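What follows is a short report on a single structure.
The values are calculated or read from the model by the stated rules, or taken from the named source; none is laboratory data. Just so we're clear, the structure is a prediction, and the values are computed from it rather than from any experiment. Cβ placement follows ideal geometry from the backbone for every residue including glycine, while neighbour counts extend to all protein chains displayed. Side chains included, ligands, DNA and RNA excluded: accessible areas come from the protein's heavy atoms. Shrake-Rupley method; radii C 1.70, N 1.55, O 1.52, S 1.80 Å.
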Amino acid sequence: MSPRRTRGSSCMMYVIVGIWAVAVPLAILLQIVKHDPAVGVPLLLIAFAVGGVYAVRRARKAEQRRLEAARWAQIREAQSREIARYHTMDPREFEHAIAYLCQRDGCTNVEVVGGAGDLGADVIATAPTGHRIVIQCKRYGPSHKVSSPDLQRFGGTCYTVHQAHIAAVVTTSTFTKQAAGYATAHRIRLYDADSLAGWASRTGPAPWHEPTGVTGPAA
């Protein structure tokens, strides 16, 4: 049996059960009203009141779900537009775009230092939290993942050379499993295309607000 047919059968079962759940008590109440109106009519009114409250609550929940779905659709659309814009940039433009995001969101002393001899750092700034943040920018295509060697080169300098409180790698792509493992071990915050899109569209946190990150070099 196909998944679609299985879901259809399940929905039909729920409909039948729902009809019985309403019809049987209603039939009993109508019988009570018929034989003893003094008792049955108040019970029937109470049942309708309870049913009305339940229906209103269900309608409100359905509207909340609809509004939430619409909100997330708008967020996804905004994020998609943002990441598409970054894919049109060359690496140097991307570094300046990340520096702009830092400055936009309250960083001070923002510097674009990427280039020959940068020792892994592309953007350095003082975050609104007071921490020194060092960012490496990787403007890669969607199929070109940031690898563990990429992270290792950055991890060897971000704390010892650049004196970072917070070290982050921001990319228009994603990270390999090995790169993610290295980043976790060395407390480097990773921002892939989705995280970058969230930051750029103000629908996600900036790197210095990453709740799971731990600042400072590994012991």
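Note on the stretch 174-196: residues that are in contact (Cβ under 8 Å) with a residue 24 or more places away in the chain and over 14 Å from CYS137 (Cα atoms) amount to 10.
Report, by residue number, each residue of the stretch 127-147 that is crowded, with 17+ Cβ neighbours inside 10 Å and within 19 Å of PHE175 (Cβ to Cβ). If the condition is that a residue be crowded, with 17+ Cβ neighbours inside 10 Å and within 19 Å of PHE175 (Cβ to Cβ), then ILE133, VAL134, ILE135, GLN136, CYS137, LYS138, ARG139, TYR140, LYS145, VAL146 are the ones that fit. Within the set ASP150, ASP90, ASP122, the sole residue that is touching a Gly at 6+ places or on another chain (Cβ under 8 Å), of a type outside the set (Ser, Thr, Tyr) and in contact (Cβ under 8 Å) with a residue 12 or more places away in the chain turns out to be ASP122. Based on what the data block shows, is ALA180 outside any strand (DSSP E or B) and closer than 16 Å to HIS131 by Cα? Here the answer is no, as ALA180 does not meet what is asked. Selection of the stretch 96-126 for residues being assigned to a loop (DSSP other than H, G, I, E, B), modelled with pLDDT under 95, open to solvent by less than 40 Å² (accessible area, probe 1.4 Å) and among the hydrophobic types (A, V, I, L, M, F, W, C) yields only ALA121. For the stretch 134-157, does any single residue satisfy the condition of being touching a His at 6+ places or on another chain (Cβ under 7 Å), modelled with pLDDT of 95 or more and not in a loop (DSSP other than H, G, I, E, B)? Yes, because at least one residue in the stretch 134-157 is touching a His at 6+ places or on another chain (Cβ under 7 Å), modelled with pLDDT of 95 or more and not in a loop (DSSP other than H, G, I, E, B). May I ask you to verify whether ARG85 is among the charged types (D, E, K, R), within 21 Å of GLY204 (Cα to Cα) and modelled with pLDDT under 70? No; evaluated as a whole, the condition is false for this residue.
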